[in-house]
Each structure stands twice: as structure tokens, then as C-alpha cells.
Amino acid sequence: MPEPDLFRRMLLLLLTTLIVIRPLVPGEDPGQLSDFAEPASMALTVLVLAGCAAWAIWRAWAKQPALYLGLPEAVLAILVVLVFGGIGGAAYIRPAWLTAWEWGGVILTFFLVRQLAARSEERRALLAVLLASVVSLSAEGVYQNIWVQPRAALQAGAQPAKWVSDETEKRGLRATPLELHQLTQRLEKWQAHGPYFHPSSLAAVLALAVPVLVGAFVASVRSGGSTSQIVLLSLAILLTFVILFRTGDTTAVLAVLLGGLAVLALIGWRSRGKLLLLSAVAVLLVAGFYAVGFLDDTLAPCREVLPTTWRMIEDYAWVGLGPSQFTLYYPRYMDIKASSKVLEPPNAILELWAESGIFAAAALVAFIGLLVAAVLRGWKTLPASLPTDPGPAIALGVLRRRHGRLDCGIRAARGGSARAGCRGRGHRRRAAVGGVVCHLRFA
């Protein structure tokens, strides 16, 4: 009969598979409202549900009492409940249910990572496969830029819009005018988009991955990693940043650069002179991007979309329209002189506010804030040099609170005080390297 730990490792394998696949599966339209939507994300949600059921069986079998829960889980649970609560007011029920279950899959995946990745080597493995998935997305962007798009541009000739329209008809896809415009723009500008429909979706994934890769690079250097490892991480960072720029979403590039300056300001550059220097660099970056026109593609639609989105929020500020209702309601609120219909709101917070109400938007902001605060707190305790076994966990996805009330209570029940239990031998301390959260064991 197999041991319980073997079953746990099989569950961890399932979780690893889900983490590897998740960035590769487009999830831009969870409501499946477009012909370009991918239904594979629904299969991932089902697998996550099956994984949670199997975890519950393993927990009972192994008589495992440990349960890692914290404030981020509570806030995310509130957010998911509010999203499900908005289904009742949705005019279009099917996309509302599909989107709500996508949010349910998010919290269940977060929960499984917290419960199953209990050992440092397992956390390192999860981080490694996540970074490998991101690098593979960057590699696909390179393939699109040097092979797929040049061939398509050669076939399209001087009429890319007509070629795109003919191709979609051949494939039996019904594209809206805006979708045709997006496909034409991708072709004309040779924008890397990976497996996603919108290049900005790939940009969002890569923008989150760059800090994690930088954190892994810093950890490798400080822990005395091999030269080959450091060189490969450097190449991965360079490749990811280049493809991020090739998506054409210069706002994401600017956000990564400004985020790096903010981290520098928070982790030690506290003197007045250094803060003034960082502020000046940030202003120059924004001014430079604006002067050369890098922000035009972002600012132009916002002048039209933001007022329209705000009119929707004013009518449904408390409870929202319902999940996946933004695109369906948007034409009713468009200005009579508006140029075109949009497929998505200007950002995720406004989308959630419009669809699920102000409390759901506040929960999302609080969740992101808790994760960012945890990473920044870790920066303050980062030692001068990392040990060779840092045990990194997935940034903004796994933030293990090893000394929560549950852990302290268990140690106190064994005969020691809670204070002694949390500070005794084998105490784990959390640190962070950029976007990488590490658990450091001290004797």
C-alpha cells in the first residue's frame, strides 16, 4: 500500500502541471463570448477542484492537522464570494457563471500551493517550473517575430486588413471589427502575443515575471551559484524584457522600470539625496516615454474609455453589473461620437468595480497590497548573503506564514510557550529577493 507522502507527491505533480500550463492557456475571455476564446481554462478549473478533493482525502489519510491560512486567503475568499454573489444580477447568466468559476479556480490554486508545497525543495521546484513557463512564452514571442509574422506580412502584401479578414473567414471565425483591427495591428507592427489574443495579455504576464527572474538572479549571485546558472538567468531576463518590449505595450515596460525604482527606494535607498535621484529618474522616464510617443496607444483610448467606464460604475457602484457583463453593457454607455467599441476595460480594478461592485474592487486592492507588503517586509530582513538552500516560493502566489497563530499554538501545546516555540531551534524566517519569497532556516 503506498505511503501517504507518495500520494502527496502525486498531488504536487498535478499542482506543478497546473502551474506550468496556466500561463500557456489564454484566459482573456473567461465568459467565452468571442470566437477567439479558449475553453481550456475551464478544464484547468475542473482539475483544481479534483486536486482539492484529493488533498482532502490525503489529509484525512495522513492525519495531517497542519493548515496554512492567513489574511490573503481570507481577503481572496471574500472577493470570490462577492463575484459569485453578483451572478444573480447579471443579465447574461452563462458568461457570469463561467467567470465566477474562474475566480474560484484562482483561490483554490492559491490554497493548494500553500498546503502542498511544504518543503523548501518543493517550493524551489514550483518556482523553477513557473519561470520555465514564462521563458517558454518569451521563446514563442521570438518565434512569432522572426518566422510567423514575417511570413504572414509577406502573404498579406499591401492589404493586411483584407488578408486578415479573409483568413478569419477561412477558419470559420466570426470576428468583430475591433478584433479584426487587433489582428491587423499585430500583423503590421509585428507584435509578439504568445498564445494570447491581445499582446497586452502577454505583456502583463512578462511584466510580473521580470521581477521574479531578477530576484532569482540576485539569489543565485548571493548564494554563490554556478557561472552557468547566473549566465542562463541573465539571458532569461534579457529575453523576457526584449519580448516584453516587442509586445508593443510600452506602458508595461514603463511599469516594470518604475517598479524597480520603487523597490530601490523601499529597500535601503532611504537618504534624501538618493530618494531625490530616484524621483528625478522616474520623472525623466515618464517624460521620455511620453515625448517619444510610447504612451500614445495607451492614453488615446483611455480618454474615451475611462469616462464611459465611470458612467457604468456610477449606475452600478455597489453591486456591479455581474461577472463578464462589461463588454455587453459598454455600447449602451458609449458616447455618440465614440470611435469604436472596446473589448475590455482600462484595468482589472475598474473592471471588477463595474462588474462586482466597490467591495470586490476593494478586496482585490487589499489582496494585492497584502502580497506586495509581504514581499517588501522580506526585503528588510534580507541577509547580506543567502545560503545555498534558500527555498524560494512563488512570488505573489505563495506567501507562507510559517509563524502564524496555528504554528505557535501547536508548539505551545507541546510544552513550550508560544514565544519559545516561534523563536526556538529550527525557526524559519521569511525573506524576499525582488519578486521571490524565500524561507531561510537558522539553527
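Quick note: the coordinates plus some simple rules give every number you see, no bench work behind them. These numbers were taken from a predicted model, which means no experiment stands behind them. Every residue, glycine as well, gets a Cβ built from its backbone with ideal geometry; the counts of neighbours run over all protein chains shown.
The share of alpha-carbon pairs in the stretch 194-245 lying farther apart than 16 Å comes to 43%.
Each principal axis of the Cα atoms in the stretch 149-231 has its own extent, and those three values, largest first, are 55, 24, 19 angstrom. Packing, taken as the mean count of other beta carbons within 10 Å per residue, orders the peptides 319-332, 252-265 from highest to lowest as 319-332, 252-265.
Which values of log₁₀ I(q)/I(0), to two decimal places, follow from the Debye formula for the stretch 260-328 at q = 0.12, 0.16, 0.17, 0.22 Å⁻¹ with a uniform point scatterer at every Cα? Normalising to I(0) and taking log10 leaves -0.62, -0.77, -0.78, -0.88. Plainly put, the stretch 1-53 has a radius of gyration that is 1.13 times its Kirkwood radius, both from alpha-carbon atoms, as the Rg/Rh ratio. Shape analysis of the stretch 185-296 places it in the oblate category; the axes a ≥ b ≥ c from the Cα gyration tensor give an a/c of at least 1.5, with a/b not above b/c. Each part gets one Cα centre, and for the stretch 241-288 versus the stretch 1-78 those centres are 35 Å apart.
Highest-first packing order for the peptide set 167-179, 18-30 is 18-30, 167-179, based on the mean count of other beta carbon atoms within 10 Å. Packing order of peptides 282-289, 351-358, 208-215, 183-190, highest average first: 351-358, 208-215, 183-190, 282-289 (average count of other Cβ atoms within 10 Å over each peptide's residues).
In the frame of its principal axes, the stretch 30-83 has Cα extents of 47, 25, 12 Å, reported largest first. As a size descriptor, the averaged projected area of the C-alpha convex hull of the stretch 103-248 was calculated at 11.1 nm². For the stretch 1-131, a Kirkwood hydrodynamic radius built from all Cα pairs, placed in the Stokes-Einstein relation at 20 °C and 1.002 mPa s, yields a translational diffusion coefficient of 133 µm²/s.
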